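The values are calculated or read from the model by the stated rules, or taken from the named source; none is laboratory data. Because the structure is a prediction, the values reported are computed rather than measured. Don't worry about glycine lacking a Cβ; one is built from the backbone with ideal geometry, like all the others, and counts go over all protein chains shown. Please note that ligands, DNA and RNA were not included when accessible areas were found on the heavy atoms of the full protein model with its side chains. Shrake-Rupley method; radii C 1.70, N 1.55, O 1.52, S 1.80 Å.
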Amino acid sequence: MVLINFVKNVLNRFSVNFEEETEFVFSDPLFASISKSIERPKEREVLRIITEDKINYILFKIDDTYILIGPYVTRLVVAKLSYIIPLIPIDGLFEPLINTLFESLWGKDGFRVKVITNESSADEKNYLENKDYYDAKSIEKRYLSEKSLLDAVKTGDMDLINSISFNILDKDIIEKRNKNPVRNIQNYTIIMNTLLRKTAYDVGVHPIYVDRLSSNMGKRIESISTSDASRVIMKELLFEYSALIRNHSYSGYSDLIRDVLINIDINYSKHISLDELANELDTSPTYLSKKFKKELGLPLFEYIIRYRIERSLESLKKCDIPIGEVALKAGFEDQAYYARAFKRIMNTTPSKWRLSHKNSTK
């Protein structure tokens with residue numbers, strides 16, 4: 001009785017119609033006409049019954065009581081029906097609600113779902129199986145959306161990223177391979193992580209950065225437990241890869257200079273010597289220096305100084321970190337030298353820059 005009351009309370013919040021009977025006899029006329037051909041649900045077994053007109057019922061058993069939820073329709077215009085019966089015109093909300101209800105009753109893996117249609121009487125199927133989804137037009141639409149999204153990530157077009165990701169997440173484009181809607185988004189996020197990883201690599205981001213972000217996001221994806229969380233992580237995934245490509249794409253540079261830039265990015269806070277760099281990259285200091293200036297437009301050590309200044313800005317926003325410590329963390333052994341370089345490049349002092357950006361402190 002406690003479980004039945006729980007079901008009532010949950011469904012009442014969403015104005016969902018339901019009946020309960022102990023003898024498998026229900027007053028709904030349409031269901032009564034098809035119930036004779038339906039086997040009774042076993043314990044912890046949920047039947048999703050879909051009529052020829054795509055009207056849905058959910059039937060299950062708690063103790064000795066059978067509970068019927070419905071009729072309801074999804075992706076179907078009620079006005080197209082040739083007869084009038086009370087319907088619940090719920091689309092995206094209903095299936096997550098039902099799934100959550102049964103997980104609350106019996107645990108995530110404590111029940112199974114059978115889909116019963118006019119084509120198949122009680123063949124076990126994927127809960128969200130929808131043959132219409134797999135038609136050529138739907139697949140083509142999804143692939144085009146994914147391509148547009150990856151192109152937007154390459155160019156860093158945040159407005160376009162927001163627009164396309166909204167269409168994918170909220171307009172029924174995601175593949176439905178699982179009865180759990182959260183798991184569907186989680187699976188799709190894993191797919192997108194793979195596609196974005198390849199995209200970043202293809203535009204010249206070194207594997208060390210790609211692998212680092214891919215691994216971190218993989219851990220985040222594993223933690224997804226709600227639809228809202230999955231959407232947040234999907235957006236974060238897109239923005240992080242866009243930033244990665246913007247900051248670490250070395251396409252257009254020779255292999256030698258790309259290796260130099262990566263080395264600087266990894267070791268900017270340490271002492272960097274031209275001779276050591278050249279030796280590590282199996283070239284001469286003179287050739288490396290000339291090659292670097294030709295491709296970057298400025299001398300190697302001027303680039304290193306500017307890069308260190310840029311990397312220091314985030315720490316400089318944090319007013320609790322002394323400027324001397326900021327300088328040391330960025331690779332400057334001398335605070336005075338850091339201040340002079342900062343003034344030359346930023347046209348202001350570190351302290352004044354910090355003051356003007358204090359609202360950006362995290």
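Per residue of region 227-244, in order, report the coupling 6.51 cos²θ - 1.76 cosθ + 1.60 (Karplus, θ = phi - 60°) as ³J(HN,Hα) in whole Hz, putting x for Gly and Pro.
Karplus-based 3J(HN,Hα) across region 227-244 equals 5, 4, 5, 5, 5, 4, 5, 4, 4, 4, 4, 5, 5, 5, 5, 5, 5, 4 Hz.
Carbon and sulfur together cover what percent of the accessible area of region 180-252 at a 1.4 Å probe radius? List each step's numbers first, then the result.
Details: 1770 of 3420 Å².
Carbon-and-sulfur percentage of accessible area, whole number: 52.
For the cross-link pairs Lys147/Lys235; Lys154/Lys293; Lys294/Lys343; Lys329/Lys352; Lys293/Lys329; Lys270/Lys317, which exceed 24 Å when the distance is taken from alpha carbon to alpha carbon?
Lys154/Lys293; Lys294/Lys343; Lys293/Lys329
Please compute the length gained on full extension between Asp157 and Asn5, using 0.36 nm multiplied by the number of residues separating them and subtracting their Cα-Cα distance. The partial results should precede the final answer.
Numbers: separation 152, 0.36 × 152 = 54.72 nm, distance 5.04 nm.
Length gained between Asp157 and Asn5: 49.7 nm.
Between Asn267 and Glu45, what's the calculated FRET efficiency when r is the beta-carbon distance and R0 is 41 Å? Round to 0.05.
It comes to 0.10.
On average, how much area does the Cα convex hull of region 217-362 cover when viewed from any direction, in nm²? Don't skip to the end; give the middle numbers.
Details: hull surface 45.2 nm².
If I average the Cα hull's projected area over directions, I get 11.3 nm².
Work out from phi, with θ = phi - 60° and the Karplus expression 6.51 cos²θ - 1.76 cosθ + 1.60, the ³J(HN,Hα) of each residue of region 289-305, listed in order in whole Hz, and give x for Gly and Pro.
Values, residue by residue: 4, 5, 5, 5, 5, 5, 8, 9, x, 7, x, 3, 6, 5, 4, 4, 4 Hz.
Pull up all non-local amide H partners of Lys114: gap of 5 or more, or a different chain, and H-to-H distance under 5 Å with H placed in the peptide plane.
Residues meeting the amide H criterion: Val46, Leu47, Arg48.
Starting from the Cα of Asn279, move 7 Å in the Cα-to-Cβ direction to define the label point; list residues of region 292-316 whose amide nitrogen is under 20 Å from there.
Backbone N within reach: 300-301.
Tell me, what is the FRET efficiency for Phe301 and Lys358 to the nearest 0.05, using R0 = 22 angstrom and their Cβ-Cβ distance as r? Before the final figure, lay out the partial values.
Values: r = 31 Å, r/R0 = 1.41.
My answer for the efficiency is 0.10.
Please find the FRET efficiency linking Val203 to Thr22, where r is the Cβ-Cβ separation and R0 is fixed at 45 Å, and quote it to the nearest 0.05.
Rounded to the nearest 0.05, the efficiency is 0.10.
Residue by residue through region 326-343, what is 3J(HN,Hα) from phi via Karplus (6.51 cos²θ - 1.76 cosθ + 1.60, θ = phi - 60°)? Round to whole Hz and write x for glycine and proline.
4, 4, 5, 5, 8, x, 9, 6, 10, 5, 5, 5, 4, 5, 5, 5, 4, 4
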